[in-house]
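To start, the structure under review is shown below, and the notes come after it.
The values are calculated or read from the model by the stated rules, or taken from the named source; none is laboratory data. Because the structure is predicted, anything quoted here is derived from the model rather than measured. Positions of Cβ are generated from backbone atoms using ideal geometry, with glycine treated the same way; all protein chains shown enter the neighbour counts.
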Amino acid sequence: MIVDERIFPATAMPDPDWWRALWPDPDGVVEALGIGRGMNVIDLGCGDGYFTAAIARQVGSGRVVGFDLDPVMLEQAKDACDGMDNCTWLLGDAMELSRLITGPVDYVLIANTFHGVPDKTRLAREVAKVLRPEGHFAIVNWYPLPREQTTVLGKPRGPATPMRMSPEAVQAVVEPAGFLLERVVELSPFHYGAVFEAKADVDVGKPKHFMGT
């Protein structure tokens, strides 16, 4: 089997049954993270579109870009958002985000993936380049609990224990890319959302027009 080295380790989409058991209210998660009406949002590493569809419902007249490296996942995401006219799809490498997105956008979400990124600060810099000044970057992560304690439908789930990151560890690698931690959102039972604001005084070569407009 050939493995694409651009795919971040331990970030494959889980089986739908336990994914939905873990996240029974994706719309509530999106709202808690501060994604609102009229926003232009990137769902980075959108997978099967579970959160992309929730974002699309939340932003209304805004737009969401479902961005993923896996063409099979992207097709599933399109199916999950069938009938929604505020979605755009982009196949590509997250580490080349600023080359592929013509931004600026209001918000970038990366859910259940950041723990597997080899160069986390570099990815955060890519995100900073496509955000408007004072835009937001949210990272949904597993708390650094032992894997045997994070059970869903009776089985341990999530990345290996050593890969898990505390909010403070995420802050340490994201803020050097031009962000400030705004807040940490509790996402029971095992996750949190670290919401960062892009510094307005950091020049990272932001593009001028949002994709799809």
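Annotations
- Filter pass, residue 110 being in contact (Cβ under 8 Å) with a residue 60 or more places away in the chain and among the β-branched types (Val, Ile, Thr): yes
- Count of the stretch 132-159 residues, restricted to those that are out of contact with any Leu (no Cβ under 8 Å at 6 or more places or on another chain), hydrophobic (A, V, I, L, M, F, W, C) and more than 30 Å from residue 98 (Cβ to Cβ), is 2.
- Taking the criterion of being more than 14 Å from the chain's Cα centre (by Cα), surrounded by fewer than 21 Cβ atoms within 10 Å (Cβ to Cβ) and not charged (D, E, K, R), the residues of the stretch 188-202 that qualify are 188, 189, 190, 200, 202.
- Considering (1) modelled with pLDDT of 95 or more; (2) basic (Lys, Arg); (3) in a loop (DSSP other than H, G, I, E, B), the lone condition that residue 183 does not fulfil carries the number (3).
- Just one of (1) crowded, with 23+ Cβ neighbours inside 10 Å; (2) at pLDDT below 95; (3) assigned to a helix (DSSP H, G or I); (4) among the small types (Gly, Ala, Ser) fails for residue 21. It is (1).
- Selection from the stretch 70-79 of residues that are surrounded by fewer than 20 Cβ atoms within 10 Å (Cβ to Cβ) and either in contact with a helix residue (DSSP H, G or I) (Cβ under 7 Å, 6 or more places away or on another chain) or without any contact (Cβ under 8 Å) to a residue 24 or more places away in the chain (or both): 71, 72, 75
- Qualifying residues in the stretch 100-131 (those that are among the hydroxyl-bearing types (Ser, Thr, Tyr) and in contact with a Leu (Cβ under 9 Å, 6 or more places away or on another chain)) - the one farthest from residue 168 (Cα to Cα): 107
- When the stretch 51-69 is limited to residues that are surrounded by fewer than 20 Cβ atoms within 10 Å (Cβ to Cβ) and of a type outside the set (S, T, N, Q), the one that is modelled with the lowest pLDDT turns out to be 69.
- Scanning the stretch 148-179 for residues that are aliphatic (A, V, I, L, M) and under 14 Å from residue 19 (Cα atoms) yields 152, 153.
- Residue pairs meeting the criteria (Cβ under 7 Å; at least 6 apart or on separate chains; first within 22 Å of residue 132 (Cβ to Cβ), in the stretch 39-58; second surrounded by fewer than 24 Cβ atoms within 10 Å (Cβ to Cβ) and of a type in the set (Lys, Arg)): 40/63
- In the stretch 158-180, the qualifying residues are those that are part of a loop (DSSP other than H, G, I, E, B) and within 19 Å of the chain's Cα centre (by Cα), and the one that is nearest to residue 123 (Cα to Cα) is 178.
- Output for the stretch 88-111, where each listed residue is more than 15 Å from residue 135 (Cβ to Cβ) and in contact with a strand residue (DSSP E or B) (Cβ under 8 Å, 6 or more places away or on another chain): 88, 89, 90, 91, 92, 94, 100, 111
- Assessment of the stretch 146-157 against the conditions (surrounded by 14 or more Cβ atoms within 10 Å (Cβ to Cβ), free of Cβ contacts under 8 Å to residues at least 60 places away in the same chain and at positive phi) yields no matching residue.
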